[in-house]
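*Asks:* Right, I'll just put the structure down here and ask away after.
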Amino acid sequence: MKKNFLSLFALFCGLNVSAQNTAELGSQSDGRIISKHIYGHFAEHLGRCIYDGFYVGENNTKIPNIEGVRKDVVEALKKLKVPNLRWPGGCFADTYHWKDGIGPKANRPTIVNTWWGGVTENNSFGTHDFLNMCELLGAEPYLAGNLATGTVQELADWVQYVNFGGESPMSKLRQQNGRKEPWKVKFWGVGNEAWGCGGNMKPEYYSNEYRKYSTFMTNWDNNNKIFRIASGANSSDYNWTEVLMKNISQNLVEGVALHHYSVIEWSKKGPATNFSDEQYFKTMKSAYFMEELVNKHIEIMDKYDSKKKVALVVDEWGGWYDVEPGTNPGFLYQQNTIRDAMIAGLTLNIFNNHSDRIRMANLAQAINVLQSVILTKEEKMLLTPTYHVLEMYNVHQDAEWLPFTIKSNDFVFGGDKLPAVSGSASKDKSGATHISLTNIDAKAAQDVVINIGSAKFKSVSGRILTSEKLGDYNSFESPDKIKPTAFKGASVKGGELKVKLPAHSVVVLELK
Ligand code: AHR
């Protein structure tokens, strides 16, 4: 009642401030850790992600590089603490034959990338290039195996090639190609989007194929147990998860994937910048749908795996819009605005809060494709608003999850509404508590009063990411327009933490 009165009063006075939101920070966690792998990325042979994005070639004299990999990109991604990187696709993975990408570059065959723009792929970036790059980044590689057009033998050989330290045909071949020690790759995808570009299979058929392929993916090193990930459902295809969980024995699978993009309508995606208020709301609605999706997929997984042994791996997520005007439609190049920062903030809060089951995720995609963290233009590079959100949120990586519940005001548009504020919390190894909050409300600031119970914090500090307009972005002319700044809108007193979140903002607080 009081809340409604205040809202009406604010409305009457023309104030863009909503009644207060309330939240509870629990001190008693269930001991679970938010896996750093929730903060994973994805690099496909698609458009300018690999070529131009990560890799510019060893002979490039204009762009500083380490064995062909851009130095500026390596530095930026190291700061982001990228925990894992998925490669080589995507749809491309089920057309990729890894032996095309090893050995002297001049001898590698050229192929046509039939999924993405029909361009010629010269295979100059292959297995060694990718795995060595992951070492440079300090990221764990996540290799997506070809199930649809490959063979069981081919995938089994790839595992042997990169993981076996003893003497075998594949380890010999690796050594001939210049790498003595195995890379010890843990994460392996077994096909991608098997319901679509990965073969248009039925879940029953794919489960059988999966069982066969995964059986021959040998653990070549007992100190590095491989983690096999089954190609998961397309968004709300709950039957897919049900059939996989029923048909695949748990000794054959460590993770089941899920893909969901924040898209308005596949036939009418709308522009990445200069979007309307309605398009903004619809994108937020699609992003928030992740909460319902993971709850329902998890409910199914719980039925077959009550101990939560099998992880839910959201290995493709992010905003998907029309390509930038004038760019190749097959390259999926889009700009990145404060709207994308909102998607990132609210989605990562959802993942953190479901981290007992969601133990890995991959934002699509790292550079120059879809919701990227980096965009490049020849020798120039910029960090997107999404980069900054991931960097701010990386305090949650491998931290102890803390319960955080919020009673949010509504962000209303037309006849529809969404919760304006979302949040998640964790405690790191040094004992510092972090709370991340995202206010997606396009126009209204949100006051949040957080009950911290008996917790005693001496100080609160924070950082904020926002900009005047929702459609603002970093351009090559103005690459630092949007970046995190110090946040002064929080105070702690007694058992309460008060926070004032500006409209469309992401805030991460540190409490000590
Ligand atoms: O990320 C772009 C594409 O989206 C991926 O290749 C595919 O898996 C998905 O459909």
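*Asks:* State all residues of segment 155-184 that are surrounded by 13 or more Cβ atoms within 10 Å (Cβ to Cβ), under 31 Å from the mean Cα position of the chain (by Cα) and part of a loop (DSSP other than H, G, I, E, B); if no residue qualifies, say none.
*Replies:* Passing the criteria: F164, R179, P182, W183, K184.
*Asks:* Condition (residue is among the aromatic types (F, W, Y) and either in contact with a Cys (Cβ under 6 Å, 6 or more places away or on another chain) or part of a loop (DSSP other than H, G, I, E, B) (or both)) applied to segment 200-215: is it met by at least one residue? Break it down into steps so the answer makes sense when it comes.
*Replies:* Of segment 200-215, the ones among the aromatic types (F, W, Y) are 205-206, 210, 213.
Subset that is either in contact with a Cys (Cβ under 6 Å, 6 or more places away or on another chain) or part of a loop (DSSP other than H, G, I, E, B) (or both): none.
There is no residue in segment 200-215 that is among the aromatic types (F, W, Y) and either in contact with a Cys (Cβ under 6 Å, 6 or more places away or on another chain) or part of a loop (DSSP other than H, G, I, E, B) (or both).
*Asks:* Evaluate the following for E193: is it within 15 Å of the ligand (Cβ to nearest atom) and in a loop (DSSP other than H, G, I, E, B)? Step through it out loud before you land on a result.
*Replies:* On the way: within 15 Å of the ligand (Cβ to nearest atom): yes; in a loop (DSSP other than H, G, I, E, B): yes.
For E193, the condition - within 15 Å of the ligand (Cβ to nearest atom) and in a loop (DSSP other than H, G, I, E, B) - is met.
*Asks:* Taking K307 as meeting all but one of (1) more than 16 Å from the ligand (Cβ to nearest atom); (2) over 16 Å from the mean Cα position of the chain (by Cα); (3) farther than 25 Å from A399 by Cβ, write down the number of the exception.
*Replies:* Answer for K307: the failing condition is (3).
*Asks:* Exactly one of these conditions fails for P203: (1) within 22 Å of G145 (Cα to Cα); (2) within 16 Å of the ligand (Cβ to nearest atom); (3) not hydroxyl-bearing (S, T, Y). Give me its number.
*Replies:* (2)
*Asks:* Hey, can you tell me all the residues within segment 325-348 that are within 16 Å of the ligand (Cβ to nearest atom) and in a loop (DSSP other than H, G, I, E, B)?
*Replies:* Selection gives T327, N328, L332, Y333, Q334, N336.
*Asks:* Another question about this same structure. What is the one condition in (1) within 16 Å of the ligand (Cβ to nearest atom); (2) touching a residue at least 24 places away in the same chain (Cβ under 8 Å) that L131 does not satisfy?
*Replies:* (1)
*Asks:* For segment 369-378, what are the residues that are more than 10 Å from the ligand (Cβ to nearest atom) and either among the β-branched types (V, I, T) or surrounded by 24 or more Cβ atoms within 10 Å (Cβ to Cβ) (or both)?
*Replies:* So the first thing to find is which residues in segment 369-378 are more than 10 Å from the ligand (Cβ to nearest atom), and the list is 372-378.
Hits for segment 369-378 are S372, V373, I374, L375, T376.
*Asks:* Given T110, T120, T127, which one is surrounded by fewer than 16 Cβ atoms within 10 Å (Cβ to Cβ), under 26 Å from M381 (Cβ atoms) and not basic (K, R)?
*Replies:* On the way: T110 fails: under 26 Å from M381 (Cβ atoms); T127 fails: surrounded by fewer than 16 Cβ atoms within 10 Å (Cβ to Cβ).
Testing whether each residue is surrounded by fewer than 16 Cβ atoms within 10 Å (Cβ to Cβ), under 26 Å from M381 (Cβ atoms) and not basic (K, R) leaves just T120.
*Asks:* Starting from residues that are within 13 Å of the chain's Cα centre (by Cα) and assigned to a loop (DSSP other than H, G, I, E, B), keep the ones in segment 354-368 and report whichever is farthest from the ligand (Cβ to nearest atom). Don't jump to the end; show me each part of the working.
*Replies:* Taking segment 354-368 and keeping what is within 13 Å of the chain's Cα centre (by Cα), we get 358-367.
When the remaining residues are screened for being assigned to a loop (DSSP other than H, G, I, E, B), the result is 364-366.
Working: A364: 4, Q365: 6, A366: 11 Å.
Applying the filter and picking the extreme gives A366.
*Asks:* Test V369 against the stated conditions and say whether it is touching a helix residue (DSSP H, G or I) at 6+ places or on another chain (Cβ under 6 Å) and within 16 Å of G47 (Cβ to Cβ). Before you say what the answer is, go through the steps one by one.
*Replies:* Numbers: touching a helix residue (DSSP H, G or I) at 6+ places or on another chain (Cβ under 6 Å): no; within 16 Å of G47 (Cβ to Cβ): yes.
Here the answer is no, as V369 does not meet what is asked.
*Asks:* Give the residue, chosen from H396, H434, that is in contact with a His (Cβ under 8 Å, 6 or more places away or on another chain), assigned by TED's automatic domain parsing to the domain that holds F281, within 21 Å of N353 (Cβ to Cβ) and not hydroxyl-bearing (S, T, Y). Working first, answer last.
*Replies:* Working: H434 fails: assigned by TED's automatic domain parsing to the domain that holds F281.
After applying the criteria, what remains is H396.
*Asks:* Tell me yes or no: at least one residue of segment 82-99 is modelled with pLDDT of 95 or more, touching a strand residue (DSSP E or B) at 6+ places or on another chain (Cβ under 7 Å), surrounded by fewer than 21 Cβ atoms within 10 Å (Cβ to Cβ) and not basic (K, R).
*Replies:* The answer is no; no qualifying residue exists.
*Asks:* Also, I was wondering about something else. From (1) surrounded by fewer than 17 Cβ atoms within 10 Å (Cβ to Cβ); (2) within 16 Å of the ligand (Cβ to nearest atom), pick out the condition that doesn't hold for N223.
*Replies:* Just one mismatch for N223, condition (2).
*Asks:* Is there any pair with a first residue in segment 254-274 that is away from the ligand (no atom under 16 Å from the Cβ) and a second that is part of a loop (DSSP other than H, G, I, E, B) and acidic (D, E) whose Cβ atoms are under 6 Å apart and which are 6 or more apart or on different chains, and what are they?
*Replies:* P271/D322
*Asks:* Can I ask one more? For segment 477-486, does any single residue satisfy the condition of being farther than 23 Å from I350 by Cβ and part of a strand (DSSP E or B)?
*Replies:* Yes: segment 477-486 contains one or more residues that are farther than 23 Å from I350 by Cβ and part of a strand (DSSP E or B).
*Asks:* Spot the failing condition for F476; the list is (1) of a type in the set (F, W, Y); (2) more than 28 Å from D398 (Cβ to Cβ); (3) modelled with pLDDT under 95, and only one is missed.
*Replies:* (3)
*Asks:* Among the candidates T405, T438, which residue alone is in a strand (DSSP E or B), closer than 30 Å to D72 by Cβ and in contact (Cβ under 8 Å) with a residue 60 or more places away in the chain? Show your work before the answer.
*Replies:* On the way: T405 fails: closer than 30 Å to D72 by Cβ.
Among T405, T438, only T438 is in a strand (DSSP E or B), closer than 30 Å to D72 by Cβ and in contact (Cβ under 8 Å) with a residue 60 or more places away in the chain.
*Asks:* Can you tell me which of P104, P109 is in contact with a helix residue (DSSP H, G or I) (Cβ under 6 Å, 6 or more places away or on another chain), of a type outside the set (A, V, I, L, M), away from the ligand (no atom under 16 Å from the Cβ) and not assigned by TED's automatic domain parsing to the domain that holds Q365? Before you say what the answer is, go through the steps one by one.
*Replies:* Details: P104 fails: in contact with a helix residue (DSSP H, G or I) (Cβ under 6 Å, 6 or more places away or on another chain).
Answer to the selection: P109.
The values are calculated or read from the model by the stated rules, or taken from the named source; none is laboratory data. None of the values given here were measured: they were computed from a predicted structure. No Cβ is skipped: glycine too gets one built from the backbone with ideal geometry, and neighbour counts run over all protein chains shown.
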